[in-house]
1. Volume per residue, Å³, of the convex hull around the alpha-carbon atoms of region 229-273?
2. What is region 180-291 by shape, rounded, prolate or oblate, if you read a ≥ b ≥ c off the alpha carbon gyration tensor as root eigenvalues and call it rounded for a/c under 1.5, prolate for a/b larger than b/c, and oblate otherwise?
3. Can you show me the helix-derived [θ] at 222 nm for the chain, built from DSSP H runs with n ≥ 4 at -39,500 (n - 2.57) apiece and divided by the number of residues, rounded to the nearest 500.
4. Please list, in chain and number order, the residues 5+ apart from GLY32 or on another chain whose amide H is under 5 Å from its amide H, with Hs placed from the backbone.
5. Considering the options GLY368, GLY165, ALA153, tell which one lies farthest towards the positive end of the dipole of the chain, charges being +1 on Lys and Arg and -1 on Asp and Glu at the Cβ, about the Cα centre.
6. Apply 1/(1 + (r/R0)^6) to the Cβ-Cβ distance of ASN378 and LEU267, taking R0 = 56 Å, and write down the FRET efficiency to the nearest 0.05.
7. At a 10 angstrom cut-off on C-beta neighbours, averaged per residue, how do the peptides 321-331, 26-36 rank from highest to lowest?
8. Between ASN199 and SER392, what FRET efficiency comes out of the Förster formula 1/(1 + (r/R0)^6) with R0 = 41 Å and r the beta carbon distance, rounded to 0.05?
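Please treat every number below as a calculation from the coordinates, not as lab data. Keep in mind it's a predicted model, so treat the numbers as computed, not measured. With ideal geometry, Cβ positions are generated from the backbone for all residues, glycine too; neighbour counts draw on all protein chains shown.
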Amino acid sequence: MFDKLTKQPVDKIMELMQLYREDSRDGKIDLGVGVYKNAEGVTPVMRAVKEAERQLLESQETKAYVSLVGDVAFHDAMIDLVLDGAVPRENVAAAATPGGTGAVRQAFELIRMANPDARIFTSLPTWPNHLSILDYLKIERVGYRYFDEDTRAVDFDGMMADLDGLRAGDVVLLHGCCHNPTGANLNLTEWQRVIDLLNAKGAIPMIDLAYQGFGDGLDDDAAATRLVAKSCPEVLIAASCSKNFGVYRERTGILMGISADASKTKLVQDNLSFLNRQNYSFPPDHGARVVTMILTDPTLRKMWVDELEETRLGMLRLREQMAEELQKLTGSNRFGFIAQHRGMFSRLGLPSDVVEKLRKENGIYMVGDSRINVAGLNAKTVPILAKAIADSGV
Ligand code: LMR
């Protein structure tokens with residue numbers, strides 16, 4: 001049997017992680033995988049997470065199963081964090097999932113179960129794993145223009161022109177904030193125009209919200225998602241706690257299915273439960289429980305909000321420093337977009353041979369499309385990266 005297996009494509013981000021680990025050079029710089037790192041290069045356990053885990057260790061008396069969709073208290077807390085009352089609770093079905101990727105995967109499967117003819121529109125570019133999972137599930141996908149390679153901002157006209165090709169029942173995958181991999185985002189006026197177009201076409205929005213709190217703040221980063229939730233008759237949201245709670249390996253995420261007609265919520269809820277049962281039965285609990293404790297305890301919540309804000313502001317400072325350094329070194333404002341982008345990532349727009357040269361000669365690791373993880377930098381490494389880019393002659 002095994003000899004019938006064929007070689008699978010390697011995930012470029014995972015491959016890069018491996019190359020970085022194997023590099024023995026001092027001073028190598030990891031701007032690859034989307035994991036937050038502080039100025040010392042450490043991915044810390046957040047203070048509120050440590051404290052919640054300590055309390056949990058003392059108080060938890062059973063590890064018995066919870067439910068196929070996880071704990072309702074986790075749903076309530078996350079629905080509140082993401083939607084903040086934008087829609088009534090009874091309109092939202094939810095299931096805990098193994099990370100944001102689990103939520104994305106379950107959403108795609110739900111779409112396929114509901115409408116096998118639905119095509120899923122994805123931004124050009126998008127997180128490569130979106131495409132990989134869609135292809136694996138044999139769901140038809142259509143790319144829509146998103147990133148303008150010259151301005152490194154959103155190509156909004158191109159996006160709207162491509163979305164004009166939507167058919168009723170198609171799904172549009174949108175990044176709620178902090179677009180991965182580009183860092184370029186729509187403003188709220190543009191979101192409203194996208195919403196109007198989707199509603200006119202009878203298309204359904206699916207939002208991937210993996211970086212709430214990493215861009216402009218917890219509420220600002222959810223503003224577009226809330227607008228979509230209250231403006232569209234049906235919405236899917238895949239939210240991740242990996243980054244904003246720093247609980248990556250605990251696999252903590254949630255899928256929400258919103259219906260304007262609350263009488264549909266039970267059917268959606270039952271289908272989410274069914275899907276979890278088929279794929280992995282009970283979702284992981286530890287991370288979800290820790291997140292719930294943090295969101296529902298005012299002291300822990302404040303601790304978390306404060307640390308998340310420090311994290312966010314730190315990344316913004318690095319963006320500004322990087323844009324300034326490049327301004328000095330190149331004598332132009334060509335890299336000013338780095339300070340405009342939001343979230344963990346920016347796509348720099350460097351050719352692939354330069355990306356490779358930076359890795360081989362300078363020990364600077366970024367994804368092949370020139371996406372950098374800003375959090376992989378610190379005040380000392382920003383000038384090193386800026387100089388290497390300026391010296392590359394781009
Ligand atoms: C990334 O884009 O680097 C992260 O979302 C991590 C991953 O799983 O790819």
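1. Once divided by residue count, the hull of region 229-273 is 77 Å³.
2. It is oblate, given that a/c is not under 1.5 and a/b is not larger than b/c.
3. Details: 14 runs with 182 residues, N = 394.
Helices in the chain give a 222 nm mean residue ellipticity of -14500 deg cm²/dmol.
4. Amide H neighbours of GLY32: ASN373.
5. Value: GLY368.
6. It comes out at approximately 0.65.
7. Values: 321-331: 17.5, 26-36: 19.0.
By packing density, highest mean first, the sequence is 26-36, 321-331.
8. 0.35
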